[in-house]
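What follows is a short report on a single structure.
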Amino acid sequence: MKRGLIIFASLLTALLAVSCGSVRHASTEPVESSVLDSYAGDYFFREGVKHFTQGHYDAAMDLMSRSLDYDTASAAACYNLAQYYMSLQDRALMEEFNGKAQQLLEKAVRLGPDNYWYRRLLAVNLLRQGRQADAIEQYEEISRRFPGRTDVLITLAGLYDDAGDFEKELRALERYGRLEDVADELKFQRFVCYLQLGELDSAYYEADNPAEVIELLMNTTRDMIEKAETNLDKIRCRSLLDVVMNFCDVVSSHEPQLAQAYAQKSIGYFWMGFNDEALDVLSKGLRKVVTDADRAFLYNLRGDFYHTLGERERMYADYDSTLIYDPGNINVLNNYAYYLSVEGRDLKKAQKMSARTLEAEPLNATYLDTYAWILFKMKKYNEALGYMEKALRYLDRDNPEIYEHYGDVLFMCGEKEKALENWHKAVQFNSTSPTLDQKIKQQKYLE
């Protein structure tokens with residue numbers, strides 16, 4: 001006979017003896033009811049655990065409830081029954097028993113205040129109810145009673161981050177870092193806390209690579225603003241952008257030669273429409289940076305800004321300066337050559353620059369398109385056609401501008417139907433060309 005059934009049979013025998021007023025052997029003391037309750041509570045507890053393990057949840061909850069009926073001071077039974085209630089899959093039932101689970105967990109903690117698992121499940125249940133402050137209080141108590149549980153400290157750090165209490169998050173991170181000897185690995189998290197607190201100098205000292213951090217922050221913040229759905233979210237993100245730009249100033253005060261600080265702040269200004277401020281920051285940066293690579297980087301960026309603003313002569317001047325400090329900058333060589341071809345000026349100069357890009361990357365579809373377009377502008381249509389066809393062979397994604405150019409070249413080579421076909425493709429790929437619709441409508445090439 002199984003041990004559980006033996007215990008149960010013995011229990012029934014004892015209960016019958018007591019209920020019938022029978023007397024055991026003269027040498028045996030009567031079994032007290034408290035002892036019998038303990039036996040019954042233990043039996044139903046074990047059976048409840050067994051059924052829960054087997055996936056018989058209804059039976060497990062019933063058995064655990066009966067265990068509590070016999071042993072009302074069993075912290076383990078309270079804990080397990082609460083755990084069963086919390087594991088219910090039916091949302092309606094889970095909500096129905098949520099209050100009961102909470103009461104059971106609170107009782108388990110009162111009965112076993114030094115049990116880690118009781119307190120942890122209570123904290124989890126508080127979070128499930130949205131009672132974040134109460135959950136934080138419980139986790140703090142756990143960390144006090146069990147100072148070696150570093151998982152609790154990480155949970156606390158996350159909760160304080162959600163609550164916007166960055167000073168307490170820092171304390172939790174510092175305790176975790178000391179216990180696990182991972183203080184260096186937490187530098188970025190501490191950096192974000194200091195940034196949120198406005199302690200920008202402290203944030204700087206936590207940034208191992210300020211240039212990378214600034215770029216990451218700027219890109220992330222701008223993406224957040226663009227994706228924000230409410231005005232309040234946009235205002236909050238914009239406030240964060242201001243913090244990031246102020247951090248750029250702090251970095252510049254510590255490392256005045258760091259080009260990325262000026263670049264990212266100017267991008268922030270330009271993105272917000274403060275064009276003069278953006279250009280001023282870049283001019284300041286050009287006076288402070290010390291390497292040719294950084295000078296080329298800032299001149300290139302300012303040239304791109306001037307291109308967006310339609311100031312072509314200043315754009316060309318800055319691209320010329322870029323190439324003085326970085327003669328092999330193929331991106332600038334390509335853009336410079338293409339913009340010249342669009343204007344139909346200095347085409348031989350444009351061809352030489354574009355040829356250098358093809359020497360570096362002969363299978364680059366964009367560079368092939370630029371070279372073909374320069375030939376097109378020089379009225380070398382058949383030669384341009386060969387480069388356009390090659391560009392299309394190496395095109396790794398749909399590009400409406402290249403399809404439009406291909407159509408233009410085909411038209412000038414006398415292949416009108418193919419030209420129309422490629423102009424239509426450009427439309428399908430969301431071309432923004434101002435003349436494309438008229439080319440299709442009039443069925444001819446237009447400048």
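Here are some notes:
- Residues of segment 90-136 that are closer than 21 Å to LEU179 by Cβ and either in contact with a Phe, Trp or Tyr (Cβ under 7 Å, 6 or more places away or on another chain) or in a helix (DSSP H, G or I) (or both): TYR116, TRP117, ARG119, ARG120, ALA123, ILE136.
- Among the residues listed as TYR336, TYR262, TYR306, TYR316, the single one being of a type in the set (Ser, Thr, Tyr), outside the structural domain of MET353 (by TED's automatic domain parsing) and buried (at least 22 other Cβ atoms within 10 Å of the Cβ): TYR262
- Scanning segment 147-158 for residues that are part of a loop (DSSP other than H, G, I, E, B) and either hydroxyl-bearing (Ser, Thr, Tyr) or surrounded by fewer than 16 Cβ atoms within 10 Å (Cβ to Cβ) (or both) yields a total of 2.
- Some residue of segment 395-417 being within 30 Å of ASP320 (Cβ to Cβ), of a type in the set (A, V, I, L, M) and in contact with a Leu (Cβ under 9 Å, 6 or more places away or on another chain): yes
- Scanning segment 425-437 for residues that are over 35 Å from the mean Cα position of the chain (by Cα) and surrounded by fewer than 12 Cβ atoms within 10 Å (Cβ to Cβ) yields a single hit, PRO434.
- The requirement of being surrounded by 20 or more Cβ atoms within 10 Å (Cβ to Cβ), of a type in the set (D, E, K, R) and farther than 21 Å from ASP42 by Cα is fulfilled somewhere in segment 107-119, by at least one residue.
To keep it simple, each residue is scored yes or no on (1) surrounded by 18 or more Cβ atoms within 10 Å (Cβ to Cβ); (2) at pLDDT 90 or above; (3) out of contact with any strand residue (DSSP E or B) (no Cβ under 9 Å at 6 or more places or on another chain).
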residue: ARG190; (1), (2), (3): yes, yes, yes
residue: ALA228; (1), (2), (3): no, no, yes
residue: LYS234; (1), (2), (3): no, no, yes
residue: CYS237; (1), (2), (3): yes, no, yes
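- Top-ranked residue in segment 84-106 [being under 31 Å from the mean Cα position of the chain (by Cα) and in contact (Cβ under 8 Å) with a residue 12 or more places away in the chain; ranked as surrounded by the fewest Cβ atoms within 10 Å (Cβ to Cβ)]: SER87
- Condition broken by THR291, with the remaining ones in (1) among the polar types (S, T, N, Q); (2) farther than 20 Å from TYR204 by Cβ; (3) under 32 Å from the mean Cα position of the chain (by Cα) satisfied: (3)
- Residue within segment 193-202 that is charged (D, E, K, R), more than 16 Å from ASP161 (Cα to Cα), assigned to a helix (DSSP H, G or I) and touching a Ser or Thr at 6+ places or on another chain (Cβ under 9 Å) present: yes
- Inter-residue pairs, beta-carbon under 6 Å, first hydrophobic (A, V, I, L, M, F, W, C) and in segment 316-330, second assigned to a helix (DSSP H, G or I), 6+ apart: ILE330/THR357; ILE330/ALA360
- Selection within segment 216-236 - under 15 Å from the mean Cα position of the chain (by Cα) and under 20 Å from CYS193 (Cβ atoms): LEU216, LEU217, MET218, THR220, THR221, MET224
- Pairs where the first residue, in segment 266-284, is in contact (Cβ under 8 Å) with a residue 40 or more places away in the chain and on the phi > 0 side of the Ramachandran plot and the second is in a helix (DSSP H, G or I) and loosely packed, with under 15 Cβ neighbours inside 10 Å, C-beta under 9 Å, 6+ apart: none
- Qualifying residue in segment 172-180 (condition: surrounded by 14 or more Cβ atoms within 10 Å (Cβ to Cβ), out of contact with any Ser or Thr (no Cβ under 8 Å at 6 or more places or on another chain) and not in a helix (DSSP H, G or I)): no
- Residue count for segment 306-327 under the criterion of being within 18 Å of SER341 (Cβ to Cβ) and either at pLDDT below 95 or polar (S, T, N, Q) (or both): the result is 0.
The values are calculated or read from the model by the stated rules, or taken from the named source; none is laboratory data. Nothing here was measured: the structure is a model prediction, and the numbers come from that model. With ideal geometry, Cβ positions are generated from the backbone for all residues, glycine too; neighbour counts draw on all protein chains shown.
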